[in-house]
Amino acid sequence: MSFVDSLMAGLSVVASFEAFFALFAGICIGVVGGAIPGLSATMAVALTLPFTFSLQPITGILLLLGVYKGGIFGGSIPAILIKTPGTPASSATILDGHPMAERGEAGRALGMALWASCTADVVSNLALILFAGWLASFALNFGPPEFFALILFSLTIIAGVSGDSLLRGALSALLGLLLATVGLDLVYGTNRFTFGDPNMMGGLNFIAVLIGLFAIPEIIAMAWNPTAHLGKARALGHTKVSFADYRRSFKSIIRGSFIGVFLGSIPGIGAAPSAFLSYSEARRKSPNKENFGKGEIEGVAASEAGNNGVAGATLIPLLALGVPGDVITAIIIGAFMIHGLQPGPMMFILNVDIIYGLFIGLIVSSVFLFIVGSVAIKGFRFVADVPKRILMPAVLVLCIYGVFAVNNNIFDVGVMFAMGWVGYGMLRYQIPAAPFLIAFILGPLLEDNFRQSMLMSSSDPAILLRGPITWFFWALTLITIIAIVRNIGKRAGA
Amino acid sequence: MGKSKGISVSPKAIQLRLGIAACLIAGFLTIVGIPGWVSSPSNVSNIVLSPTFWPYTLAALTGLTGFGLLLASRTASPIVDPEMAEVAAAAGWVRLAGLAVIMVLTMFALPRLGMVWTSMIVFAVTAFMFRTRHPIVALICAVVIPLALYAFFAHVAGVAIPQGIFVRLP
């Protein structure tokens, strides 16, 4: 199928009012969700997921992608106005955004955040369109040993870079892998940790686990301290961002966008490291480096560009390889599965219309983000005023309905509650939840590919090193481990 | 955001507790969990293809990580990070216990009262437990939100929302 044919096929599935309305609504939900501290883009995507069940696949996925993109930008609004990042990725925006707000330039900082976010979003989407297809065609050569090596590499980097401690990340990933073993064995069909309960034979419901891990702990945390969220919002002020500001920061925005694209396309790194790297590079190269940290608009632009540059790029490994790039894309993979789609190289052959439909939707999303973001900046006052002590019970009720709706099964609600307490324990003991969830998703794939490899080779482990692709991923895994261990050594020595 | 939800113990104590917990989990799985709750056919040709191989491998790796955490705890700082420090309040523990009870009761009430009525009660009780400053709004939301969600899931998404045995909605 030629590029034009694929594009036309994509247009045929996406060119409908429902699809674009879902994308627009998703961005609105995401901006509001990201702007409410404690709700986060991740939780917003997780809570929107059940509403996609009744939608067409493309409409449902565009809704979630809209929430994702809106949520990443929305997180910068409270970061600037109340010094509380709506999402962890917005932490770098505080460094210069809040000092600007303190001197009455919040409107200017938010305007620059929006312009930088939209520019980075366009760059990221273009990177996705350019590279995903190429990577998928390369991945068609992958067999079980190659996929095993790839997933192992993804898990290593996810466990290693999320959180302060490699060991806590590794523990989180191992617990996720262990939980993924619940259910019938993939080869022999025997019971594993099912306790004879038919509800557990298909394994634990992925959506119950993810909502339990990411939404319920916030509700439990509110029970522990109901007043922890109270903060003081700054006024927008009268200064607005100008084209001269944008032109002055343009280099940093483009650099940050490329940093975001590069880091986003590596599974597990995520938006926060990208934002900080983009910020530090902008400071290093800027003629105004002494103003960074005191309210320099270029700092806001760089961190937001680094942050949003990730959003499209995380979809590259998801669509091309079927490996989620971060927690949010791990949730979005759930939406694909619910609609009977399996992201990965075969999707570029079997569902090319959906792939190109998503590409078209993503390009349009940058325009929608600009429109919604402009309004959201002015309307944050109302979002900030939503009483959290009413919002959280509403989230709890929404979780109950949403999780039940997946399989019409009350057992899943119990799984969600149980995982909520596990997630809260992990929160208190500073164990990152992202490796747990991603390992829970990738666990069956890892085991399945390992056992298929063993079946292919009559249990000869040499098959796991059978060619250049496996060598490449094993080498990357080794380099990642060495880099992480060296980093730990440096930190211990400091 | 995450920092304020940490616990007021030192990094050393956190690593130590996690290390002990990981070793206990690994030991429990190896001795009790996997032999008791993972069944394997007797005719498995090779150990790596056995349904127990993967759980045993993961249990061993968990044990290794636990040992790693125990070793790391020896060099970790014994000083509590002031940003992490929080005052342990008895009221906080009571609310946590209260929320746990609400969750357990929800599981019992869902098939009997139905999802809508249970959600209304859960919403109201949780909002008051969180000491809401808007009790009237909370009560209105407690009625409206579960009804709106019922309308969407039952009539738009076609989900068979549990109705309970007392009052049934259209």
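Observations on the structure shown:
- Matching residues in region B:96-113 - criterion: being open to solvent by 30 Å² or more (accessible area, probe 1.4 Å) and facing chain A (nearest Cβ under 7 Å): B:M107, B:P111
- Tally, over region A:457-494, of residues that are within 14 Å of another protein chain (Cβ to nearest Cβ) and touching a Gly at 6+ places or on another chain (Cβ under 8 Å): 2
- Qualifying residues in region A:433-447 (those that are within 11 Å of chain B (Cβ to nearest Cβ) and open to solvent by 10 Å² or more (accessible area, probe 1.4 Å)) - the one nearest to B:L96 (Cα to Cα): A:A433
- Out of A:V372, A:V367, A:V310, A:V300, sole residue that is surrounded by fewer than 24 Cβ atoms within 10 Å (Cβ to Cβ) and part of a helix (DSSP H, G or I): A:V367
- Tabulated pairs, region A:251-275, first touching a residue at least 60 places away in the same chain (Cβ under 8 Å), second in a helix (DSSP H, G or I) and of a type in the set (K, R), C-beta under 7 angstrom, 6+ apart or interchain: none
- Count of region A:193-215 residues which are buried (at least 24 other Cβ atoms within 10 Å of the Cβ) and within 12 Å of another protein chain (Cβ to nearest Cβ): 1
- Within region B:147-166, being more than 13 Å from A:P50 (Cα to Cα) and surrounded by fewer than 16 Cβ atoms within 10 Å (Cβ to Cβ) holds for B:L147, B:A148, B:A151, B:H155, B:A160, B:I165, B:F166.
- Being open to solvent by 10 Å² or more (accessible area, probe 1.4 Å) and either outside any helix (DSSP H, G or I) or more than 12 Å from chain B (Cβ to nearest Cβ) (or both) holds for only one residue in A:V386, A:V406, and it is A:V386.
- In region A:317-327, the qualifying residues are those that are open to solvent by 10 Å² or more (accessible area, probe 1.4 Å) and assigned to a helix (DSSP H, G or I), and the one that is farthest from A:A109 (Cα to Cα) is A:L321.
- Qualifying residue in region B:86-93 (condition: in contact with a Ser or Thr (Cβ under 8 Å, 6 or more places away or on another chain), charged (D, E, K, R), open to solvent by 20 Å² or more (accessible area, probe 1.4 Å) and more than 7 Å from chain A (Cβ to nearest Cβ)): yes
- The residues of region A:448-458 that are open to solvent by less than 80 Å² (accessible area, probe 1.4 Å), among the hydrophobic types (A, V, I, L, M, F, W, C) and in contact (Cβ under 8 Å) with a residue 12 or more places away in the chain amount to a single one, A:F450.
- Residue in region A:249-261 that is modelled with pLDDT under 85 and part of a helix (DSSP H, G or I) present: no
- B:A154 being aliphatic (A, V, I, L, M), at pLDDT below 90 and not in a loop (DSSP other than H, G, I, E, B): yes
- Condition broken by A:S242, with the remaining ones in (1) over 30 Å from A:T477 (Cβ atoms); (2) open to solvent by 40 Å² or more (accessible area, probe 1.4 Å); (3) modelled with pLDDT of 90 or more satisfied: (3)
- Top-ranked residue of region B:114-146 - restricted to ones that are at the interface with another protein chain (Cβ under 8 Å from one of its Cβ atoms) and assigned to a loop (DSSP other than H, G, I, E, B), ranked as least open to solvent (accessible area, probe 1.4 Å): B:F130
- Considering (1) of a type in the set (S, T, N, Q); (2) in a helix (DSSP H, G or I); (3) surrounded by 19 or more Cβ atoms within 10 Å (Cβ to Cβ), the lone condition that A:Q430 does not fulfil carries the number (2).
- Of all residue pairs spaced 6 or more apart or on separate chains, those with beta-carbon atoms under 9 Å, a first member in region A:459-473 that is among the β-branched types (V, I, T) and a second member that is open to solvent by 60 Å² or more (accessible area, probe 1.4 Å) and assigned to a helix (DSSP H, G or I) are A:I463/A:M456; A:I469/A:F138.
- Of the criteria (1) open to solvent by 50 Å² or more (accessible area, probe 1.4 Å); (2) modelled with pLDDT of 90 or more; (3) within 9 Å of chain A (Cβ to nearest Cβ), which one B:I31 fails: (3)
- Region A:419-432, subset at the interface with chain B (Cβ under 9 Å from one of its Cβ atoms) and among the aliphatic types (A, V, I, L, M), residue farthest from B:Y150 (Cα to Cα): A:I431
Let's see how each residue does on (1) loosely packed, with under 13 Cβ neighbours inside 10 Å; (2) modelled with pLDDT of 95 or more; (3) at the interface with another protein chain (Cβ under 8 Å from one of its Cβ atoms); (4) within 13 Å of A:L171 (Cβ to Cβ):
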{"residue": "B:W37", "(1), (2), (3), (4)": "no, no, yes, no"}
{"residue": "B:P41", "(1), (2), (3), (4)": "yes, no, yes, no"}
{"residue": "B:V44", "(1), (2), (3), (4)": "no, no, yes, no"}
{"residue": "B:V48", "(1), (2), (3), (4)": "no, no, yes, no"}
{"residue": "B:A59", "(1), (2), (3), (4)": "no, yes, yes, yes"}
{"residue": "B:L69", "(1), (2), (3), (4)": "no, no, yes, yes"}
{"residue": "B:S77", "(1), (2), (3), (4)": "yes, no, no, no"}
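- Residue within region A:474-482 that is free of Cβ contacts under 8 Å to residues at least 60 places away in the same chain, open to solvent by less than 60 Å² (accessible area, probe 1.4 Å) and either part of a helix (DSSP H, G or I) or in contact with a Ser or Thr (Cβ under 6 Å, 6 or more places away or on another chain) (or both) present: yes
- From A:L130, A:L140, residue being surrounded by fewer than 24 Cβ atoms within 10 Å (Cβ to Cβ) and free of Cβ contacts under 8 Å to residues at least 40 places away in the same chain: A:L130
The values are calculated or read from the model by the stated rules, or taken from the named source; none is laboratory data. Source: prediction; values computed, not measured. With ideal geometry, Cβ positions are generated from the backbone for all residues, glycine too; neighbour counts draw on all protein chains shown. SASA here: full protein model, heavy atoms, side chains in, ligands and nucleic acids out. Shrake-Rupley method; radii C 1.70, N 1.55, O 1.52, S 1.80 Å.
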